[in-house]
Structure formats: structure tokens, C-alpha cells
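Colleague: Shown below is the structure under consideration.
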Amino acid sequence: MAGEIATNQAIHVSDAAWKALEGAYDLQVHVGPDVIARRIDDIDCAKEFLARGMKGFVLKSHYMQTGERAQVVSKAVPGSRVFGALTLNHSVGGFNPVAVELAGRTGCKIVWMPTVDAQNETAGRLDGGSQKLPFWAKIQRELAAEGISPPPLSAIDAAGHVLEAARRCLERIAKHNMILATGHLGRAEIFALVRAAKEIGLKKVVVTHAEFPSQSLTGDEQKELADLGAIIEHCFTTTYTAKATWESAFANIRRAGVAHAVISTDLGQTINPPVAEGFAMFAQRLLDAGFTAAEVRTMAVTNPTRLVEE
């Protein structure tokens, strides 16, 4: 998703950073095969993670369900744990409870709300500007130009209530003990969904890359969402590519609390660092900012493990 222009920041990775990631899961990677060119495929990525002592990752595609892929990768790389996921964009029918049900039956762990097709996300639209566009924007614009792009998706109605179709998807997510992730929705949608999830007893909710420009949630907002039971995700690419400052991300983590945070890479783009290396770079920046190794492990190992394994 991110990955428009890497800033080539020099981050020297220490042994301590790699050690802090032993047993870690990355809950958001964009690796091949995909409709978008990627710098590594899922099997080689699994091998790299395993070689570094990390457990595995969740395969994210904006367009395809990845449950079957994940099963093949886990078999091809014994010892790794790779999980599938689903993103509720138009390619799977948007807020489609059948797609969510089948994702649950194929072992998918995360269901993202709309990303590239979210009403809140403008980058892929013909009038969405031209600065630092993500790779998927080209696909979105081609679909629109060919006249096969349905209207953008919002999870709430004009009164701010969660749509019935979205609520039915939440019910399927809860049924299969999957993780609801908020995708590229806006703050009003995020708050409405987190509250709706709490109402129906959906226990695993992740606020996707909270510092990313289309979310830009403040520290206070992140704290409020964490108090409602959500886990707040902070992604390496957001800060590495200077879409948000490192200092703001660190402050937000401290505001909502390490116990309510996960760190992910959001990597796989051809122009950004390798996924495993980027994860270690993130761990290093956190250590350099004064977070303890135990706190890094909480965000990279303990919290992600609870989400995907319990």
C-alpha cells in the first residue's frame, strides 16, 4: 500500500533489534504473487523470516483472498506460519458476508475493511491528485477509465450508523474468530466499527496503520480506540517514507500504550527495504527512541501472537 518514494533512511540494525523480533509476526505484508509487482514472493519471504527466527506473517492483497496461498506457503516452508486474509474491496464484492464466511473457512486471520475502494481513500481516483501515489492507484485509475469501477465504499450511512451489510460481515468475522482490521476507512467509520464490534462481542479489532495519511489519527483518538478494546497498528512504511514523522508515531504509541499496539511493516514494494530487514529497522528505531526490548517484543511478538494464534 505504501511505498511511493522511499526516503532511503540509513538505519543500522543491531543484534539487539533482531533478538527483539525472535518469534515475531508481521500482520501486514504485500508480497508476490500479486497483481502489483513485488520485490519478493511469499515463499522466499517465509524463508527469510524463518532464518531470522521470526514466526511468520499475514499475506495482504488489496484484490485477492490469500487463504489458499498461505496454506501452500506454510507447507512449502516447514516451520513458518503464514496466514491468509481478505480485503473487502470491489474485487470480492465489497461488504460481502459470503466472501467473509469463505475466508473464515479457509483459515484467513484478518478481514480488512475497504482500502483502495474506500470512500475515504482518494488516491486511486481520477481526480485524486498526482503526488506520491501508491502503486495500486494506477490500477484503480485504469479500472475507472474503463468504466468498471463501482462507487466508493463507506461502512456507515449519512447518520453515522454502521451499514447492515458491514454489520453482517462483522458477524462472520466474529463467528470465525478472525481479526477485524479497519483498512483505509476514515475516523468516523473507524469509531463506529470499533463500537459495533464491541457490541456484538467481536474480540479482535485492529486499527490499521493509524498514522497513514488517510487515517491520521491523533494520539488522543488512538487512546480512545484502545480504551474501546482496539489494538492500534503502526506501520514501518508510513514513517520510513515520511508520510508521518517517527516522533509522532512514538508519541502515539506511548499515548495509547504499548499493551495496545502492534508494529507491522506494510512492506513488499519494489522500491522499499526487504520485508524482514524493514521489520528489524523498525525495531531498531523503537530501541533508539527509548523503548525497551521487552516493549518492542510486546508489539512485535506478544500482541500479534495473541491475535493470530488464540
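The values are calculated or read from the model by the stated rules, or taken from the named source; none is laboratory data. Everything quoted here is computed from the prediction, not taken from an experiment. Please note: Cβ atoms are built from the backbone with ideal geometry, for glycine as well, and neighbour counts cover all protein chains shown. Just the protein is used for accessible areas: all its heavy atoms, side chains included, with ligands, DNA and RNA removed. Shrake-Rupley method; radii C 1.70, N 1.55, O 1.52, S 1.80 Å.
Colleague: Looking at the stretch 87-95, is at least one residue free of Cβ contacts under 8 Å to residues at least 24 places away in the same chain and either in contact with a helix residue (DSSP H, G or I) (Cβ under 6 Å, 6 or more places away or on another chain) or within 22 Å of GLN140 (Cβ to Cβ) (or both)?
Modeller: Restricting attention to the stretch 87-95, the residues satisfying the condition of being free of Cβ contacts under 8 Å to residues at least 24 places away in the same chain are 93.
Now restrict to residues that are either in contact with a helix residue (DSSP H, G or I) (Cβ under 6 Å, 6 or more places away or on another chain) or within 22 Å of GLN140 (Cβ to Cβ) (or both): 93.
For the stretch 87-95, residues free of Cβ contacts under 8 Å to residues at least 24 places away in the same chain and either in contact with a helix residue (DSSP H, G or I) (Cβ under 6 Å, 6 or more places away or on another chain) or within 22 Å of GLN140 (Cβ to Cβ) (or both): present.
Colleague: Looking only at the stretch 7-38, count every residue that is among the aromatic types (Phe, Trp, Tyr) and either under 18 Å from THR115 (Cα atoms) or more than 18 Å from the chain's Cα centre (by Cα) (or both) and tell me the total.
Modeller: Narrowing the stretch 7-38 to residues among the aromatic types (Phe, Trp, Tyr): 18, 25.
Going one step further and asking which of them are either under 18 Å from THR115 (Cα atoms) or more than 18 Å from the chain's Cα centre (by Cα) (or both), we end up with 18.
Of the residues in that region, 1 qualify.
Colleague: In this structure, is GLU221 under 14 Å from PHE291 (Cα atoms) and surrounded by fewer than 24 Cβ atoms within 10 Å (Cβ to Cβ)?
Modeller: Numbers: under 14 Å from PHE291 (Cα atoms): no; surrounded by fewer than 24 Cβ atoms within 10 Å (Cβ to Cβ): yes.
Spelling it out, it is not the case that GLU221 is under 14 Å from PHE291 (Cα atoms) and surrounded by fewer than 24 Cβ atoms within 10 Å (Cβ to Cβ).
Colleague: Same structure again: Only residues that are closer than 28 Å to ASP220 by Cβ and open to solvent by 10 Å² or more (accessible area, probe 1.4 Å): list them for the stretch 145-173, please.
Modeller: Answer for the stretch 145-173, where residues must be closer than 28 Å to ASP220 by Cβ and open to solvent by 10 Å² or more (accessible area, probe 1.4 Å): PRO152, LEU153, SER154, ILE156, ASP157, ALA158, ALA159, GLY160, HIS161, VAL162, LEU163, ARG167.
Colleague: Being modelled with pLDDT under 95 and touching a strand residue (DSSP E or B) at 6+ places or on another chain (Cβ under 8 Å) is true for just one of ALA70, ALA2, ALA85, ALA10. Which residue is that?
Modeller: Working: ALA70 fails: modelled with pLDDT under 95; ALA85 fails: modelled with pLDDT under 95; ALA10 fails: touching a strand residue (DSSP E or B) at 6+ places or on another chain (Cβ under 8 Å).
Going through ALA70, ALA2, ALA85, ALA10 in turn, just one is modelled with pLDDT under 95 and touching a strand residue (DSSP E or B) at 6+ places or on another chain (Cβ under 8 Å): ALA2.
Colleague: Which ones in the stretch 185-216 are polar (S, T, N, Q) and surrounded by fewer than 16 Cβ atoms within 10 Å (Cβ to Cβ)? Even if it seems obvious, please write down each step before you answer.
Modeller: In the first step, residues of the stretch 185-216 are kept if they are polar (S, T, N, Q); the result is 208, 214-216.
Matches in the stretch 185-216: SER216 only.
Colleague: Of a type in the set (S, T, N, Q), buried (at least 24 other Cβ atoms within 10 Å of the Cβ), within 30 Å of ALA16 (Cβ to Cβ) and touching a residue at least 12 places away in the same chain (Cβ under 8 Å): which single residue out of THR237, THR270, THR182 fits that description? Talk me through it step by step, then tell me what you get.
Modeller: Details: THR270 fails: buried (at least 24 other Cβ atoms within 10 Å of the Cβ); THR182 fails: within 30 Å of ALA16 (Cβ to Cβ).
The conditions single out THR237.
Colleague: Does the stretch 114-136 hold any residues that are modelled with pLDDT of 90 or more and small (Gly, Ala, Ser), and which are they? Please lay out each step first, then the result.
Modeller: The initial filter retains those residues of the stretch 114-136 that are modelled with pLDDT of 90 or more, namely 114-121, 136.
Of everything in the stretch 114-136, just one residue is modelled with pLDDT of 90 or more and small (Gly, Ala, Ser), namely ALA118.
Colleague: Which condition number in (1) closer than 18 Å to GLU309 by Cα; (2) open to solvent by less than 20 Å² (accessible area, probe 1.4 Å); (3) assigned to a loop (DSSP other than H, G, I, E, B) is the one that GLY107 fails?
Modeller: (2)
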